[in-house]
Every structure is written in C-alpha cells, then in structure tokens.
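Undergrad: Before I ask anything, here is the structure I am working with.
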Amino acid sequence: MNSHRFIRMHNSLSKLIWFNFMRGLAFGLGSVIGATLLVSVLVYLLRGIDFIPIIGDWATEVLSIITEQAGK
C-alpha cells in the first residue's frame, strides 16, 4: 500500500503543497472559463428577446459594452 502514488504524495509536505496549489489553479481557471462561457451564451440568448422591453434593452446594452471592451 505504501507504494501507491497517493500515499507517496501525502508523505512529502512539499509535494502535497505543490499538488494542492496546482489543483487550486486548475479549479480557478476552469471556474473562470466556465462562467465566461455561461455568461456569454446567456447574453447571446437574451439579446434575441425583443418582446420584453426591459430585458431586451438590458441585454443589448450589456452586449454593446462587451463588444466595446473586446475592441480595445
């Protein structure tokens, strides 16, 4: 059992810290990318809603801000 990779990694404090650091970076990056994709799809879908004036105007304004910032 001591030859298992999981056990060997947790026997060394430096390897454990490095593994958890890398895991945290991967989780953070994945969360940011996922949230970005979700928000962009949501704004794209809301842009097409013209029959609800408040949401359609808000989505159009958010989309114009995003495209303006992307052009810089």
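Undergrad: Only one of the listed values, (1) 65, 28, 14; (2) 38, 35, 25; (3) 43, 23, 16, was derived from the coordinates as Cα extents along the principal axes in Å; which label is it?
TA: Here Cα extents along the principal axes in Å agrees with entry (1).
Undergrad: Defining a contact as two alpha carbons under 8 Å apart and six or more residues distant in sequence, what relative contact order in percent does the chain show? Walk me through the numbers on the way to the answer.
TA: Numbers: 21 pairs, mean separation 10.5, N = 72.
The normalised contact order for the chain reaches 15 percent.
Undergrad: May I ask which residue of 36, 17, 6 lies farthest towards the positive end of the charge dipole of the chain, with charges of +1 (Lys, Arg) and -1 (Asp, Glu) on Cβ and the Cα centre as origin?
TA: Highest projection toward the positive end goes to 6.
Undergrad: Can you tell me the 0 to 90 degree angle between the C-alpha axis of helix 13-47 and the longest principal axis of the chain, rounded to 10?
TA: That helix lies at roughly 10 degrees to the long axis.
Every number here is computed from the coordinates shown, using simple stated rules; none is lab data. Because the structure is predicted, anything quoted here is derived from the model rather than measured. Note: ideal-geometry Cβ built from the backbone for every residue, glycine included; neighbour counts use all protein chains shown.
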